[in-house]
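K.L.:
My questions will all concern the structure given below.
Read-outs throughout are calculated quantities, based only on the coordinates presented, and are distinct from any laboratory measurement. Remember, it's a predicted structure, so these values are computed and weren't measured experimentally. FYI the Cβ positions are ideal-geometry reconstructions off the backbone, even for glycines, and counts take in every protein chain you see.
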Amino acid sequence: MFPGRLSDCLNVDDYRRAARRRAHKMVFDYIDGGSDDEIAQFENHTAFNDYRLAHRVLSGVDTPDMTTTIMGQKLEVPFILSPAAGNRLFHTDGEIGPATAAEAVGTAYCLSTLSSRSIEDIGALTTGPKWFQLYVWKDRVLVKEMLARAKSAGYTALILTVDFPITGNRERDPRNGFTIPPKLGLKQIWHAMNAPLWSLDYLTKPSVKYANLADDTSAVTLNDFVAQQLSADFSWDDAEWLLGEWNGPALIKGIARSDDAKRSVKTGFNAISLSNHGGRQLDSSPAPIHCVQAVRQAIGSDADLIVDGGIRRGTDVLKALALGADAVSFARPYLYGLAAFGTKGAVQAVRQLRDAVERDMILTGVGALDELDQSFIMTIK
Ligand SMILES: Cc1cc2nc3c(=O)[nH]c(=O)nc-3n(C[C@H](O)[C@H](O)[C@H](O)COP(=O)(O)O)c2cc1C
């Protein structure tokens, strides 16, 4: 049964099923899918089941303090909204949805380089912290231009995504004939008829654009542009150059190994996101939650540590923190909400995760996030 109304949705899986019903098949699969056999995508979430939370009793907690500080920036909750490309494709509200949701719970929103709303529009939309995500482009003039735009639009941190030297092998997309912007062949028209709300929205509202790129970009599709621009030979020296250009708080996203984490600290990053891009890049890369303990041990307190991937419940957040992370981040939970119900769906999905963290802190007997340590973790296998 699909949850038909926003009020029917109680958890991330409800939004997922609602999104599957409303969105065009190729769009839902683009959000939902991973690479190759989707092992990494699947394990990102199921790996949380390797741990249990050994709750503490009679600790007198009734209003837990959920605040934390990441890269010197105070957040009201220990999670951040990860960047995701082209949100207009999922719903006409596009990135307005997650930016509004982040502001509603007092956390940071990360805007993708490949967003469908511009750096400036999202910069002006909310008062909450906004961070700007960058891919490693060949065109350094374009990179410098984007950094300058993000700075002047008030973005307070840079996120460099490094697990994307080329695009992963996401087989759902070619099977669906998916491109950005979508081409409507016979198969797509048939699927569009099964997704009337999405089709109406798509056909009657302004079309999908990569709002941060020049209108005259020679690439016909997003994949063409990405293939033209990605710089697989980008090195640690280039990362250092980039940090010099940005000259502000910076996070490196896509780390799995302790040696890369140490190198990130040495290069000057203030925060590390353990991430495999939601299982969309190298399949069989480890679940980020499995990397936390080793990386924390390797970097000590030299950088903030974020777990990105598979977060679906408040308990997932607490497990990540107890294992040694400072915060977590996620994309699909708000993307499913957006795809199903627009901004209202993204906001409700994120608010429910905030409430879940609060409830689970009380149930775990934890009054502040820094009380969470390994003593709360029971490893199952
Ligand atoms: C539809 C979609 C688009 C994404 N686009 C980007 C992007 O533009 N830049 C980026 O760094 N990561 C991107 N990601 C990866 C997310 O930032 C994040 O690492 C991942 O989705 C976390 O896993 P989760 O979806 O299970 O929370 C995207 C993910 C999805 C699902």
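K.L.:
In the range 54-84, which residues are in contact with a helix residue (DSSP H, G or I) (Cβ under 8 Å, 6 or more places away or on another chain), of a type in the set (A, V, I, L, M) and surrounded by fewer than 19 Cβ atoms within 10 Å (Cβ to Cβ)?
P.N.:
54, 61
K.L.:
Any residue in the range 68-84 that is under 16 Å from residue 307 (Cβ atoms) sitting within a Cβ distance under 9 Å of a residue that is aromatic (Phe, Trp, Tyr) and more than 10 Å from the ligand (Cβ to nearest atom)? List the pairs, counting only those 6 or more apart or interchain.
P.N.:
So the pair list comes out as 71/131; 80/109; 80/131; 81/109; 83/109; 83/131; 83/132.
K.L.:
Could you check the range 66-122 and list, in sequence order, the residues that are in contact with a Pro (Cβ under 6 Å, 6 or more places away or on another chain), within 12 Å of the ligand (Cβ to nearest atom) and either hydrophobic (A, V, I, L, M, F, W, C) or within 27 Å of residue 363 (Cβ to Cβ) (or both)?
P.N.:
The answer is 81, 110.
K.L.:
Please enumerate the residues belonging to the range 47-86 that are more than 30 Å from residue 223 (Cα to Cα) and polar (S, T, N, Q).
P.N.:
Let us first name the residues in the range 47-86 that are more than 30 Å from residue 223 (Cα to Cα), namely 47-78.
Hits for the range 47-86 are 49, 59, 63, 67, 68, 69, 73.
K.L.:
I would also like to ask the following. Residue 145 versus (1) in contact with a Phe, Trp or Tyr (Cβ under 6 Å, 6 or more places away or on another chain); (2) away from the ligand (no atom under 13 Å from the Cβ); (3) free of Cβ contacts under 8 Å to residues at least 60 places away in the same chain: which is the lone unmet condition?
P.N.:
Going through (1) in contact with a Phe, Trp or Tyr (Cβ under 6 Å, 6 or more places away or on another chain); (2) away from the ligand (no atom under 13 Å from the Cβ); (3) free of Cβ contacts under 8 Å to residues at least 60 places away in the same chain one by one, residue 145 breaks only (1).
K.L.:
Looking at 294, 298, which is the one that is away from the ligand (no atom under 16 Å from the Cβ), hydrophobic (A, V, I, L, M, F, W, C), touching a residue at least 40 places away in the same chain (Cβ under 8 Å) and assigned to a helix (DSSP H, G or I)? Talk me through it step by step, then tell me what you get.
P.N.:
On the way: 294 fails: touching a residue at least 40 places away in the same chain (Cβ under 8 Å).
It is 298.
K.L.:
Which condition number in (1) in contact (Cβ under 8 Å) with a residue 60 or more places away in the chain; (2) under 16 Å from residue 222 (Cβ atoms); (3) not aromatic (Phe, Trp, Tyr) is the one that residue 157 fails?
P.N.:
(2)
K.L.:
Would you list the helices (runs of 4 or more DSSP H) that sit entirely within the range 75-165 and hold 2 or more residues that are under 14 Å from the mean Cα position of the chain (by Cα) and among the hydrophobic types (A, V, I, L, M, F, W, C)?
P.N.:
Working: elements: 96-105, 119-125, 140-152.
Ranges flagged: 96-105.
K.L.:
Right, another one. Report yes if residue 199 is part of a loop (DSSP other than H, G, I, E, B), in contact (Cβ under 8 Å) with a residue 24 or more places away in the chain and surrounded by fewer than 19 Cβ atoms within 10 Å (Cβ to Cβ), otherwise no.
P.N.:
Details: part of a loop (DSSP other than H, G, I, E, B): no; in contact (Cβ under 8 Å) with a residue 24 or more places away in the chain: yes; surrounded by fewer than 19 Cβ atoms within 10 Å (Cβ to Cβ): yes.
Answer is no for this residue.
K.L.:
So which of 164, 132 is under 30 Å from residue 37 (Cβ atoms), buried (at least 16 other Cβ atoms within 10 Å of the Cβ) and not small (Gly, Ala, Ser)? Even if it seems obvious, please write down each step before you answer.
P.N.:
Values: 132 fails: under 30 Å from residue 37 (Cβ atoms).
Step by step, each of 164, 132 is checked, and only 164 is under 30 Å from residue 37 (Cβ atoms), buried (at least 16 other Cβ atoms within 10 Å of the Cβ) and not small (Gly, Ala, Ser).
K.L.:
Can I ask one more? Return the total of residues in the range 344-381 being in contact with a strand residue (DSSP E or B) (Cβ under 6 Å, 6 or more places away or on another chain), part of a helix (DSSP H, G or I) and β-branched (Val, Ile, Thr).
P.N.:
1
K.L.:
Same structure, new question: Can you name every residue in the range 248-275 that is farther than 20 Å from residue 318 by Cα, within 16 Å of the ligand (Cβ to nearest atom) and polar (S, T, N, Q)?
P.N.:
Passing the criteria: only 264.
K.L.:
Still on this model: From the list 251, 242, 213, exactly one residue is crowded, with 17+ Cβ neighbours inside 10 Å and assigned to a strand (DSSP E or B). Which is it? Walk me through how you get there before you give the answer.
P.N.:
Working: 242 fails: assigned to a strand (DSSP E or B); 213 fails: assigned to a strand (DSSP E or B).
Sole residue among the options that is crowded, with 17+ Cβ neighbours inside 10 Å and assigned to a strand (DSSP E or B): 251.
K.L.:
Related question: Does residue 370 fit the bill of being at negative phi and without any contact (Cβ under 8 Å) to a residue 24 or more places away in the chain?
P.N.:
Yes, satisfied.
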